[in-house]
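S.K.: Shown below is the structure under consideration.
The values are calculated or read from the model by the stated rules, or taken from the named source; none is laboratory data. Everything numeric in this text was worked out from a predicted model, so none of it was measured. Cβ: placed from backbone, ideal geometry, glycine included. Neighbour counts: every protein chain shown. Protein only, heavy atoms only, side chains kept; ligands, DNA and RNA dropped before computing areas. Shrake-Rupley method; radii C 1.70, N 1.55, O 1.52, S 1.80 Å.
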Amino acid sequence: MKTDLTDTTSSKINKALVLGRRAIGAPAVGMVLTLVIVTDEENAYDALKAANEASREHPSRTLVVIKRVSRSPRDRAKARLDAEVRLGADASAGETVVLRLYGEVVDHAQSVVLPLLLPDAPVVVWWPVDAPTDPAKDPLGALAQRRVTDTYSSEQPIEELTARAETYTPGDTDLSWTRITPWRSMLAAALDQVACEVSAAEVEGEEFNPSVELLAMWVADRLKVPVRRSKSAGPGLTSVRLETDCGPIVLDRPDGSLATLSIEGQPDRGVALKRRETAELIAEELRRLDPDDTYAAALKFGVERLDERAAVTAPEPEEKVEVSVETETSETASEASPTEEKAAPAAKSAAKKAPARKAAAK
């Protein structure tokens, strides 16, 4: 069931929701939370599709806030609100209200959203693109217990991670962090199988992928070891290598679907590590509404500390090892005793005289 409301108000939208529930035979509200999606017209379809799929696991009232751009001064001075109410099959297992804001009301979106929130239910705000620098201080973010962003959609994702660390507030989270949950679970399970100490690590993945940086920071923060950040062609994360005193532990995923877990002394095992869709990521984030302290610790570790710390404490490359071996050989030769130095020329002269003796014998 779909109802279009032009130049409407929040009160009329609430009435349309009540009438729609009665029309489809579901007068009771069975929603568990309110999901507010703040996006633009270009990304609204994909975000709403992911939210509808996630609502099968978490029935929720989804409010899609689309701030339309007013081009002329007259349009910017005039405030208008258009709404589209979807119930039943059009909204999957929840309720959906698409709000299009025009003019001055764009700067006061919280006044439109607040009357539409479910009473006594948690609120989650999700910015698929163009998230504010400080989500907790955003007028819509201030209404929520949980604020979801995605640094992967920003133009400079690595710099965005630094900004997120500086403005972090309990309740903030990132879909780039959610993407590495299977990797973190698999690495933790691999370390539970062996009794060894990790000395260094290496994380390999795409160059501008914040999930790779977050996984490297998580490993460095939890294991207190130097971590190298290596680049690959992708897709996404491709490999994690842990150097231990029992041999290396390698989790390699070259194709973005199936990974191989290699542990010293054990046969290689195939692991399903498929790259997940946005709907699965949102469904995972809606399972918990408390602050994620592990994400906060990894985020505040700092991107700049990864390769810098690894360059100081990690093992040196093989080229330097060869140079050191040559140096040790020259030092050993210089420290040889005078007797050994005299014996060396004598041996060379004896070797030169041997052919002459053989010729005389002939």
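S.K.: Over what distance in Å are the Cα centres of the range 182-216 and the range 138-166 separated?
M.R.: 24 Å
S.K.: Of the listed pairs K2/K78; K274/K300; K15/K67; K2/K274; K67/K231; K15/K78, which have alpha-carbon separations greater than 30 Å here?
M.R.: Values: K2/K78 27 Å; K274/K300 28 Å; K15/K67 23 Å; K2/K274 35 Å; K67/K231 37 Å; K15/K78 24 Å.
With Cα atoms farther than 30 Å apart: K2/K274; K67/K231.
S.K.: From the Cα gyration tensor of the range 153-287, with a ≥ b ≥ c the square roots of its eigenvalues, which class applies: rounded if a/c is under 1.5, or else prolate if a/b is larger than b/c, or else oblate?
M.R.: Values: a/c = 1.72, a/b = 1.47, b/c = 1.17.
Here the range 153-287 falls in the prolate category.
S.K.: How big is the charge dipole of the range 79-225 about its Cα centre, in debye rounded to the nearest 20, if each Lys and Arg gets +1 on its Cβ and each Asp and Glu gets -1 on its Cβ?
M.R.: Charge dipole of the range 79-225: 480 debye, to the nearest 20.
S.K.: Any chance you could look up the accessible area of T39 with a 1.4 Å probe, heavy atoms only, rounded to 10 Å²?
M.R.: My reading of the accessible area for T39 is about 10 Å².
S.K.: For the range 1-73, give the magnitude of the charge dipole about the Cα centre (Cβ charges: +1 Lys/Arg, -1 Asp/Glu; no others), in debye to the nearest 20.
M.R.: 380 debye
S.K.: Just to be sure I follow: if Rg is taken over the C-alpha atoms of the range 78-140 and Rh is the Kirkwood radius over the same atoms, what is Rg/Rh?
M.R.: We get a ratio of 0.98 for the range 78-140.
S.K.: Could you work out the relative contact order of the range 45-150, using alpha carbon pairs under 8 angstrom and six or more residues apart, expressed as a whole percent?
M.R.: On the way: 150 pairs, mean separation 25.7, N = 106.
Contact order relative to length: 24 percent.
S.K.: Something else now. I'd like the Karplus ³J(HN,Hα) series for the range 176-182: coefficients 6.51, -1.76, 1.60, θ = phi - 60°, whole numbers in Hz, and an x wherever there's a Gly or Pro.
M.R.: Listing the rounded values in order: 5, 6, 5, 5, 9, 4, x Hz.
S.K.: If you average 1/r over every pair of different alpha-carbon atoms in the range 86-201 and take one over that average, what Kirkwood value in Å do you get?
M.R.: Evaluated on the range 86-201, it is 17.3 Å.
S.K.: I'd like the accessible area for M186: 1.4 Å probe, protein heavy atoms, all chains in place, Å² to the nearest 10.
M.R.: Surface open to solvent at M186 totals about 50 Å².
S.K.: If you don't mind, another one. Is the range 1-121 rounded, prolate or oblate when judged by the Cα gyration tensor, a ≥ b ≥ c being the square roots of its eigenvalues, rounded requiring a/c under 1.5 and prolate requiring a/b larger than b/c?
M.R.: Prolate shape, in that a/c is at least 1.5 and a/b is the bigger ratio.
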